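Worksheet: one structure, shown below.
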Amino acid sequence: MSNWINFSILWMLTGSPVAAAVILLLAYAIADWYAFGFLRGVAHAVSDFHRGRRLRLVLLHNPHDRKARADLGDVLVSQRRYRRAIAIVKPLADENPHDLNALYMLGVACLATGRVREGEIFLGEVYEADPGYRDCAALLQLGRFRVRRGDGSAAEPLRRYLETHPHHVEARFLLSQACVLARDHAAAAAERARCWREYETELPYQRRRDRIWAWRARPSRPLIYAAAACCGIALVGAALQRSTPSAHAAADLRSSPTPRSSAPPAR
């Protein structure tokens with residue numbers, strides 16, 4: 001509904017539906033670039049789709065291609081097709097139980113599909129073998145899925161992760177959620193405040209990545225933006241409504257026939 005209102009306002013201002021659509025799309029693209037990066041996400045999703053199709057063809061001709069199988073598993077995990085990812089990646093772990101990449105993907109996919117015990121074992125093995133693998137991502141994944149399950153023990157891996165990544169905004173927010181699960185509301189409030197402070201000191205490209213977590217830590221900020229946008233739309237609509245009667249009156253005056261004079265023409 002709001003999109004249609006914006007389009008209608010721009011149509012009235014420009015007098016052209018094409019120009020209104022172009023301006024609206026350009027405004028959305030600029031807002032997306034500085035806000036969430038949704039368009040980049042769409043581009044990555046399309047790229048992963050084509051890449052996954054190409055890798056499936058490679059595996060169809062050579063099922064023993066470990067690199068293609070690992071790359072396809074990575075694509076499937078990014079697409080959240082976890083059950084399919086388990087079927088693709090499991091042969092890699094069966095052939096080489098020390099393949100950290102395969103164990104990591106299996107751990108994430110198992111946790112996402114509800115196989116909690118297996119997933120935590122896989123990620124635990126990855127962390128024990130190489131604590132710095134993928135920048136300690138195993139700890140972050142353990143904390144993330146424990147928070148999703150409502151497990152109060154999520155704070156432990158998140159605190160260990162933050163020891164090496166103290167400025168990570170998402171991990172700070174997840175730790176605040178874990179503190180809520182543990183009924184430590186004072187610590188949760190402190191972590192939410194720290195999450196916002198870390199977000200404020202980030203570079204622009206990092207803010208685009210972490211804005212969703214910062215706004216969840218301080219939900220008043222997006223509400224203020226939404227209220228300001230609604231007020232702006234309302235003011236523009238009111239201004240257009242005031243200008244519309246005068247425009248109609250001018251149009252009626254131009255379209256009304258000119259009265260003829262009753263005086264006889266001069267000779």
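Computed values, structure above
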| item | result |
| --- | --- |
| Candidate set: the stretch 62-98, residues that are acidic (Asp, Glu), touching a helix residue (DSSP H, G or I) at 6+ places or on another chain (Cβ under 7 Å) and free of Cβ contacts under 8 Å to residues at least 24 places away in the same chain; chosen: the one nearest to GLY143 (Cα to Cα) | ASP71 |
| Residues that are farther than 23 Å from ARG117 by Cβ, polar (S, T, N, Q) and open to solvent by 40 Å² or more (accessible area, probe 1.4 Å), drawn from the stretch 132-184 | THR164 |
| The listed residue being closer than 25 Å to ASP151 by Cα and either surrounded by fewer than 19 Cβ atoms within 10 Å (Cβ to Cβ) or in contact with a helix residue (DSSP H, G or I) (Cβ under 6 Å, 6 or more places away or on another chain) (or both), out of GLU125, GLU120 | GLU125 |
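The values are calculated or read from the model by the stated rules, or taken from the named source; none is laboratory data. These numbers were taken from a predicted model, which means no experiment stands behind them. Note that we place each Cβ from the backbone using ideal geometry, even for glycine, and neighbour counts take in every protein chain shown. Please note that ligands, DNA and RNA were not included when accessible areas were found on the heavy atoms of the full protein model with its side chains. Shrake-Rupley method; radii C 1.70, N 1.55, O 1.52, S 1.80 Å.
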